1. Suppose we filter the stretch 64-73 for residues that are under 16 Å from the mean Cα position of the chain (by Cα) and surrounded by 17 or more Cβ atoms within 10 Å (Cβ to Cβ); how many remain?
2. Looking at the stretch 182-230, which of the residues that are touching a helix residue (DSSP H, G or I) at 6+ places or on another chain (Cβ under 7 Å) and part of a helix (DSSP H, G or I) is farthest from residue 93 (Cα to Cα)?
3. Of the residues 115, 82, which is in the same structural domain as residue 137 (by TED's automatic domain parsing), closer than 30 Å to residue 231 by Cβ, more than 17 Å from the chain's Cα centre (by Cα) and surrounded by 15 or more Cβ atoms within 10 Å (Cβ to Cβ)?
4. Please find, among 69, 80, the residue that is at pLDDT below 90 and under 26 Å from residue 232 (Cα atoms).
5. Among the residues of the stretch 107-122, what is the count of those that are closer than 10 Å to residue 147 by Cβ and either touching a strand residue (DSSP E or B) at 6+ places or on another chain (Cβ under 8 Å) or not in a helix (DSSP H, G or I) (or both)?
6. Taking residue 137, is it in contact (Cβ under 8 Å) with a residue 12 or more places away in the chain and in a loop (DSSP other than H, G, I, E, B)?
7. For the stretch 48-93, how many residues meet the condition of being assigned to a loop (DSSP other than H, G, I, E, B) and either more than 28 Å from residue 29 (Cβ to Cβ) or in contact (Cβ under 8 Å) with a residue 60 or more places away in the chain (or both)?
């Protein structure tokens, strides 16, 4: 299976790969003229033949379009900030599992020093999303938003009434996610996953006021990264369809 890389744009039947991606392809993978790779500009995918390799860029001639599936479900993941090694693992897996947008949340129980340092990690997080999207052969990486407070992020649910908004909760008597998703037919879903220690009562009340339905993944208390994988897989199984 051919590797896929993202380029800024297609220029007629030409494309150029620059920056770290060009370095990786040229120096690590040792690309040579004549080799074939898949290229995406975030909208379309083309088969490209390497025509020139130098230190600054790798140039391609575009040969033919490549069929690319469009996800049937647009998922906005509202993800509370946790320890960075685990948060970054969440970003990688969320990308592989089809998240369309990711909003890092400064939840009440997120560690303050992590929230304060999050902005400085944005470039690294963008790189993780890019590399994970290429590995998963996506047409485009997820959109990474700036760190947001839950109040602002939850309010997004009020702006898109056609979206299903779900907040994972550890509270007793919370209905299982499969019940919340039953008979739903939506194209957009907002999924909120909290930090270690869970949501505060104030955050849960705010979520309810902005249209979120609480849902449970079962009686076990899951780590954030486990919840990300389980919930996204369930959402796409229950609601997703290839467009």
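1. Matching residues across the stretch 64-73 total 2.
2. Only one residue tops the list, namely 206.
3. Only one candidate qualifies: 115.
4. The match here is 69.
5. Number of matching residues: 3.
6. It is true that residue 137 is in contact (Cβ under 8 Å) with a residue 12 or more places away in the chain and in a loop (DSSP other than H, G, I, E, B).
7. 8
Every residue, every condition in (1) surrounded by fewer than 18 Cβ atoms within 10 Å (Cβ to Cβ); (2) out of contact with any strand residue (DSSP E or B) (no Cβ under 7 Å at 6 or more places or on another chain); (3) on the phi > 0 side of the Ramachandran plot, yes or no:
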{"position": "139", "(1), (2), (3)": "no, no, no"}
{"position": "142", "(1), (2), (3)": "no, no, no"}
{"position": "155", "(1), (2), (3)": "yes, yes, no"}
{"position": "184", "(1), (2), (3)": "yes, no, no"}
{"position": "192", "(1), (2), (3)": "no, no, no"}
{"position": "231", "(1), (2), (3)": "no, no, no"}
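The values are calculated or read from the model by the stated rules, or taken from the named source; none is laboratory data. In this text, all values refer to a predicted model and were calculated from it rather than measured experimentally. No Cβ is skipped: glycine too gets one built from the backbone with ideal geometry, and neighbour counts run over all protein chains shown.
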